[in-house]
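J.: If you scroll down you'll find the structure; I have some questions about it.
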Amino acid sequence: MGYTEISLKLPTDYNDEQIRSAIRQSLQIQSEKFTFQLLNKSLDARKKSDIHWLIRIGVVSDKIADVTCLGGKHPWTDGNPTTPDHEKQMWFHGKEADNETYKDMDALTSVSDSTIESGISYSKISYLKKTTDMSHQRAMLEIPYRKREQKVLVVGSGPAGFFAAYVLQKAGFNTTLIERGAEVKKRAACIKEFESTGHFNPVANYAFGEGGAGTFSDGKLTSRSKHISKEKQFVLSSYVQAGAPEEILYVAHPHLGSDNLKQIVKKLRKMFIDIGGTTLFETMLEDLIIKGRKVQGALTGSSNSSRCGNSSRCVYRTSDNLSEFRASDNGHALMGTAKNESLMITDSSKDFHINISENPHVHMEIEADEIIIAPGHSAYETFRMLMEKGVQFRSKSFAIGCRVEHPQELINIAQWGRKSLPGVKAAEYRLTSKGDGQLPVYTFCMCPGGVIVPATAYETSNIVNGMSRYQRNGNFANAACVAGVNLSRLLSKDVEAAESLDWLEALENKFYSYSDGYAAPFCTIQDFIDSKLNSSRSKSARALSPEIVPTNELSCRNNSSSNPLLCNFVESSYPLGLIAAPLWELLPAQVSLSLRQGLKDFGRKLRGFETGMIMGLESKTSSPVSVVRERSYICTGFDNLYMAGEGSGHSGGIISSAADGIRVAISIISKYNNTL
């Protein structure tokens, strides 16, 4: 039995038989007795007259004499292609596998880091259809299991928090995952209400809730981070097990889409609970109990409740015994027990009754041996609490700008020379510019066939983000257009981490104040370049000022008025209306100068780019601060406190954040394995 890898050029709308025919022709074999696996798939659109898929395929057949892959190593052994027991693990495509196919999966090995980075996007293991067994993951990412007594608290259910918790639970720890936002079903319902009424829910929005901000995004699974191949494959395989399309294992630029992600994060939660994990939603980290260098536990509360202080009466439920409570009354520690919904707190000097179900300040104390905080990039109050507790942060470079939007057909024509391409969802773009030489300008998180969404994390801020569904079949394309900034240079002074948060929060509040709500300030791209509201769209909107310009028929009806211009709505995907604005005046002057030059460059690189619109504040490309942590991922100055993911400032995006969380988990596992 032999194996080889081949590269094929196929039309964009190829089918299974065309692949088989191309394999037979490439290998000069007539036999149908071969199996194949897609390893990598990327679109070559360099020539508009010849757009095609480039596909890398692994083929197994008794007609192939030599093993020619990976330096002569067989794809499913440790380099011994003649091992009889492993010849049963044959690659599989499009048919039911017999029982022999599933045996000894633990013996399979993963591809090397260098092979992954050179373009083969999956391991030597075939992802078998019909298989839900995850033993092949353990071959790629070693998670040593044994029953352990240690308790781990993970804060935040985004990719970093979830995968840290999942790996630790698989390793035998007692893991609790808390999330300040709501579970995904409630979150989706509240977002729908927000977009139709403008009523903002602090626990169920685009920033906070199950799965983190990435749940409502394009769901891109690309990463520029190197040396995370094992972690990446574990994440991708977990997503497939949770219902993601198998193509994410081999396409060059995989994505999940927000519609798939809402289902995937729910199934991931079930996988975590099924192995013994605990998940608590609408539970916000309020404080840490610290003694010396060790964090002994966390104080949490409902995301709608206020943080407890020494001047308030607070009640903490203990996580080990939900009928026991600890309380403080103006800083005086008390103990008590609960009977039904009535709580009696007493000691030698004080006693009082509290109705648990009605009291908004009943909080929980969670003891933990290790604590991982993965708050995402928007949890300002969590950052500030950590700073108060002595966690060290630095200011870091990040990016700010706006969202640009075009008809998707315009982008398709610019990139493909035609309105649509059979077999391909929608055209993408990635653009960079040196700007005016002061700040680099680039597009980020491009959402083909997507929508621009009101992504604020707080009631008095106004920011935007992009989102696509899996099919990417919407009428518009959007992308962040941002300038990279270093606040110390921009403000010509040394900027501390807390100042970075204050500065960015003030900018987000400034956009809210301009709109007096969540309508997105906008103008045309050409108007931004000219620094003047000249276009007919901007003039029509300006004539209605300070009215909100509807962007669809629904918002037109919701904003009905005697003004006949009001229903000549601006075409946009943004759901909460637009308001004409000189965006260049709302942004820092240097950022606007650099963006102006960048937009000019993009108009030269992508035909028709300057005809689009630019709107809102894009401020969440990455965190403005980063935690100071050791090589072991532990926060400097602490023995058992970790930060992971985008909120740590050390990763960005779904894959690199998930990988960061996994590496924190592996560090904790190693810590306890080394104490044996």
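The values are calculated or read from the model by the stated rules, or taken from the named source; none is laboratory data. As the structure is a prediction and not an experimental result, all values here were calculated from the model. Quick reminder, even Gly has a Cβ in these numbers, built from the backbone with ideal geometry, and neighbours come from all protein chains shown. Each accessible area value is taken on the protein alone, full model and side chains, heavy atoms only, with ligands, DNA and RNA left out. Shrake-Rupley method; radii C 1.70, N 1.55, O 1.52, S 1.80 Å.
J.: Spot the failing condition for D218; the list is (1) modelled with pLDDT under 95; (2) in contact with a Gly (Cβ under 6 Å, 6 or more places away or on another chain), and only one is missed.
T.: The number of the failed condition is (2).
J.: Which of the residues that make up region 142-155 are open to solvent by 10 Å² or more (accessible area, probe 1.4 Å) and either touching a residue at least 24 places away in the same chain (Cβ under 8 Å) or of a type in the set (A, V, I, L, M, F, W, C) (or both)?
T.: I143, P144, Y145, R146, K147, E149, Q150, K151, V155
J.: Being under 30 Å from E508 (Cα atoms) and not hydrophobic (A, V, I, L, M, F, W, C) narrows it down to one of G276, G209, G292, so name that one.
T.: Numbers: G276 fails: under 30 Å from E508 (Cα atoms); G292 fails: under 30 Å from E508 (Cα atoms).
Of G276, G209, G292, the one residue that is under 30 Å from E508 (Cα atoms) and not hydrophobic (A, V, I, L, M, F, W, C) is G209.
J.: If you don't mind, another one. Determine which single condition M446 fails, assuming it passes every other condition in (1) under 25 Å from the mean Cα position of the chain (by Cα); (2) under 23 Å from S626 (Cα atoms); (3) not β-branched (V, I, T).
T.: Every listed condition holds for M446 apart from (2).
J.: All but one of (1) open to solvent by 10 Å² or more (accessible area, probe 1.4 Å); (2) under 24 Å from G257 (Cα atoms); (3) hydrophobic (A, V, I, L, M, F, W, C) hold for A658; state the number of the condition that does not hold.
T.: (1)
J.: Where the second residue is of a type in the set (D, E, K, R) and modelled with pLDDT under 95 and the first is under 20 Å from R489 (Cα atoms) and lies in region 584-608, which pairs have Cβ atoms under 6 Å and are six or more apart or on separate chains?
T.: L593/D436; S594/D436; Q597/D436
J.: Looking only at residues that are in contact with a helix residue (DSSP H, G or I) (Cβ under 9 Å, 6 or more places away or on another chain) and of a type in the set (F, W, Y) in region 192-221, which one is surrounded by the fewest Cβ atoms within 10 Å (Cβ to Cβ)?
T.: Per the stated criteria, the residue is F200.
J.: Being part of a loop (DSSP other than H, G, I, E, B) and within 40 Å of the chain's Cα centre (by Cα): is that true of T12 here? Don't jump to the end; show me each part of the working.
T.: Details: part of a loop (DSSP other than H, G, I, E, B): yes; within 40 Å of the chain's Cα centre (by Cα): yes.
Answer is yes for this residue.
J.: How many residues does region 255-291 hold that are farther than 28 Å from Y145 by Cα, in contact (Cβ under 8 Å) with a residue 40 or more places away in the chain and not hydroxyl-bearing (S, T, Y)?
T.: Counting residues in region 255-291 that are farther than 28 Å from Y145 by Cα, in contact (Cβ under 8 Å) with a residue 40 or more places away in the chain and not hydroxyl-bearing (S, T, Y) gives 15.
J.: Consider region 242-251. How many of its residues are part of a helix (DSSP H, G or I) and open to solvent by less than 10 Å² (accessible area, probe 1.4 Å)?
T.: Taking region 242-251 and keeping what is part of a helix (DSSP H, G or I), we get 246-249.
This time we only want the ones that are open to solvent by less than 10 Å² (accessible area, probe 1.4 Å), so: 248-249.
Here the count works out to 2.
J.: Show me the helices (runs of 4 or more DSSP H) found entirely inside region 153-241 where at least 2 residues are of a type in the set (D, E, K, R). Outline the logic, then answer.
T.: Working: elements: 159-170, 184-197, 229-241.
Qualifying helices (runs of 4 or more DSSP H): 184-197, 229-241.
J.: Limited to region 472-495, what total is found for residues that are open to solvent by 10 Å² or more (accessible area, probe 1.4 Å) and either in contact with a Phe, Trp or Tyr (Cβ under 6 Å, 6 or more places away or on another chain) or over 23 Å from F609 (Cα atoms) (or both)?
T.: 9
J.: Among the residues of region 460-510, which ones are within 22 Å of the chain's Cα centre (by Cα) and over 24 Å from V404 (Cα atoms)?
T.: L501 - this is the single residue of region 460-510 that is within 22 Å of the chain's Cα centre (by Cα) and over 24 Å from V404 (Cα atoms).
Residue-wise test of (1) open to solvent by 70 Å² or more (accessible area, probe 1.4 Å); (2) in contact with a Lys or Arg (Cβ under 8 Å, 6 or more places away or on another chain); (3) modelled with pLDDT of 65 or more; (4) hydroxyl-bearing (S, T, Y).
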residue: S535; (1), (2), (3), (4): no, no, yes, yes
residue: K539; (1), (2), (3), (4): yes, no, no, no
residue: S545; (1), (2), (3), (4): no, no, no, yes
residue: N559; (1), (2), (3), (4): no, no, no, no
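J.: Here's a follow-up. What are the pairs with Cβ atoms under 7 angstrom where one residue, in region 12-37, is over 13 Å from V59 (Cα atoms) and open to solvent by less than 20 Å² (accessible area, probe 1.4 Å) and the other, located anywhere, is at pLDDT 90 or above and not aromatic (F, W, Y)? Sequence gap at least six, or different chains.
T.: From residues that are over 13 Å from V59 (Cα atoms) and open to solvent by less than 20 Å² (accessible area, probe 1.4 Å), the pairs are T12/I51; T12/H52; T12/L421; T12/P422; T12/G423; T12/V424.
J.: Which one of these does F393 not meet: (1) more than 30 Å from S670 (Cβ to Cβ); (2) crowded, with 22+ Cβ neighbours inside 10 Å?
T.: Of (1) more than 30 Å from S670 (Cβ to Cβ); (2) crowded, with 22+ Cβ neighbours inside 10 Å, only one is false for F393: (1).
J.: Run down S26, S21, S7, S49 and say which single residue is part of a strand (DSSP E or B), small (G, A, S), modelled with pLDDT of 50 or more and out of contact with any Asp or Glu (no Cβ under 9 Å at 6 or more places or on another chain).
T.: Answer to the selection: S7.
J.: Filter region 619-659 down to residues that are in contact with a Phe, Trp or Tyr (Cβ under 6 Å, 6 or more places away or on another chain) and either under 19 Å from V495 (Cα atoms) or in a helix (DSSP H, G or I) (or both), then give me how many there are.
T.: The qualifying residues number 5.
J.: Would region 224-231 turn up any residue that is of a type in the set (D, E) and open to solvent by 10 Å² or more (accessible area, probe 1.4 Å)?
T.: yes
J.: List, please: which pairs have Cβ atoms under 7 Å, are six or more places apart or on different chains, and start with a residue in region 448-474 that is aromatic (F, W, Y) and end with one that is assigned to a loop (DSSP other than H, G, I, E, B)?
T.: Y470/L256; Y470/G257
J.: Can you pull out the strands (runs of 3 or more DSSP E) entirely within region 384-469 that have at least 1 residues that are touching a strand residue (DSSP E or B) at 6+ places or on another chain (Cβ under 6 Å), among the hydrophobic types (A, V, I, L, M, F, W, C) and under 23 Å from N260 (Cα atoms)?
T.: 441-447, 451-454, 464-467
J.: Of (1) open to solvent by less than 10 Å² (accessible area, probe 1.4 Å); (2) over 15 Å from G653 (Cβ atoms); (3) aliphatic (A, V, I, L, M), A189 satisfies all except one. Which?
T.: (1)
J.: For region 373-383, which residues satisfy the criterion of being assigned to a loop (DSSP other than H, G, I, E, B) and either over 14 Å from A298 (Cβ atoms) or among the hydrophobic types (A, V, I, L, M, F, W, C) (or both)?
T.: Across region 373-383, the qualifying residues are A374, G376, H377, S378, A379.
J.: Among (1) surrounded by fewer than 24 Cβ atoms within 10 Å (Cβ to Cβ); (2) in a loop (DSSP other than H, G, I, E, B), where does R269 come up short?
T.: Evaluating R269 over (1) surrounded by fewer than 24 Cβ atoms within 10 Å (Cβ to Cβ); (2) in a loop (DSSP other than H, G, I, E, B) leaves (2) as the failure.
J.: Within the set of pairs 6+ apart or on separate chains, which have a first residue in region 40-55 that is surrounded by fewer than 16 Cβ atoms within 10 Å (Cβ to Cβ), a second that is of a type in the set (D, E, K, R), and C-beta atoms under 6 Å apart?
T.: L54/D44
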